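Single-structure report; data block below.
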Amino acid sequence: MRRASLREFNILVSTPREREQAAMSEVRYFIGDLIGDDDLSISFTNVSGLLTCKTSLNPFETIRQLAEFAEENPHQFRFAIKFTPIEMCVKSEIESIVDAAKELRSKIEEEETFRVTVRRRYTDLDHMEIVSAAADVISREVDLDEPDKHLWIEVIGDVTGVSVLVEERDILSIMTMRDDMY
């Protein structure tokens with residue numbers, strides 16, 4: 001049985017299933033050694049292929065630095081293959097998720113469009129209920145195809161991570177990067 005994940009995290013790392021231990025070593029090297037975060041915490045989750053991390057650094061800046069390194073060394077990333085910044089961790093309850101959306105909604109400018117993107121794992125929360133409740137508190141135009149910003153919601157059991165981000169800029173996907181190279 002896996003140990004419980006961090007209750008408070010600011011980066012999610014995706015990895016091939018059953019390769020979490022190897023990915024954890026890579027993350028320690030990339031963020032701990034290369035970028036220099038001596039206070040980095042990494043934890044398994046109950047989800048195969050998913051790690052939670054708590055960096056003492058800005059998660060967006062950390063992922064930007066990882067992206068720069070990956071541009072030059074994409075094949076160094078063998079197991080840690082996707083990095084998603086998380087701004088707030090809340091209980092996996094609609095009310096708590098809505099409160100997080102309210103707190104982060106000022107990051108979506110008046111003239112910008114947005115979309116709510118939800119990833120659910122080990123939860124009974126309804127996908128559309130999350131989307132509707134979160135979208136209702138953001139008075140901006142919705143664009144499902146090419147939004148300026150995403151309200152990104154990652155439900156992992158009883159903990160949910162929430163961020164406002166620009167997917168192409170803020171999420172580092174090594175697989176997408178490699179595909180673009182060839």
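Among the residues making up the range 104-141, those that are among the β-branched types (Val, Ile, Thr), over 15 Å from Gly161 (Cβ atoms) and in contact with a helix residue (DSSP H, G or I) (Cβ under 7 Å, 6 or more places away or on another chain) are Val137, Ile138.
Here's the yes/no breakdown for (1) modelled with pLDDT of 95 or more; (2) part of a helix (DSSP H, G or I); (3) touching a helix residue (DSSP H, G or I) at 6+ places or on another chain (Cβ under 7 Å):
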site: Ser25; (1), (2), (3): yes, yes, no
site: Ile31; (1), (2), (3): yes, yes, yes
site: Leu51; (1), (2), (3): yes, no, yes
site: Phe60; (1), (2), (3): yes, yes, yes
site: Leu66; (1), (2), (3): yes, yes, yes
site: Thr84; (1), (2), (3): yes, no, no
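Selection within the range 95-113: residues that are within 19 Å of the chain's Cα centre (by Cα) and among the β-branched types (Val, Ile, Thr). The member of this set that is surrounded by the most Cβ atoms within 10 Å (Cβ to Cβ) is Ile97.
Would you be able to tell me the number of residues in the range 129-182 that are more than 21 Å from Ser43 (Cβ to Cβ) and of a type in the set (Phe, Trp, Tyr)?
1
Could you pull out the residue among Val164, Val116, Val155 that is within 15 Å of the chain's Cα centre (by Cα), at pLDDT 95 or above, surrounded by 17 or more Cβ atoms within 10 Å (Cβ to Cβ) and farther than 22 Å from Lys54 by Cβ?
Val116
Close contacts from the range 89-114, counting a first residue that is part of a strand (DSSP E or B) and a second that is of a type in the set (Phe, Trp, Tyr), with Cβ to Cβ under 9 Å and a gap of 6+ residues or different chains, come to Cys89/Phe9. Here Leu144 fulfils each of the conditions (1) out of contact with any helix residue (DSSP H, G or I) (no Cβ under 9 Å at 6 or more places or on another chain); (2) crowded, with 20+ Cβ neighbours inside 10 Å; (3) over 23 Å from Ile63 (Cβ atoms); (4) among the hydrophobic types (A, V, I, L, M, F, W, C) apart from (2).
Look at the range 56-76: where a residue is more than 14 Å from Gly36 (Cβ to Cβ) and in the same structural domain as Thr176 (by TED's automatic domain parsing) and a partner is in a helix (DSSP H, G or I) and aliphatic (A, V, I, L, M), sitting 6+ places away or on another chain with Cβ atoms under 7 Å, you get Ala70/Ile174; Ala70/Met177; Pro74/Ile174; Pro74/Met177; Pro74/Met181.
Every test in (1) assigned by TED's automatic domain parsing to the domain that holds Ser25; (2) surrounded by 15 or more Cβ atoms within 10 Å (Cβ to Cβ); (3) in a helix (DSSP H, G or I) is passed by Val131 save one, and that test is (1).
The values are calculated or read from the model by the stated rules, or taken from the named source; none is laboratory data. On a predicted model such as this, the values are computed, not experimentally measured, just so you know. Every residue, glycine as well, gets a Cβ built from its backbone with ideal geometry; the counts of neighbours run over all protein chains shown.
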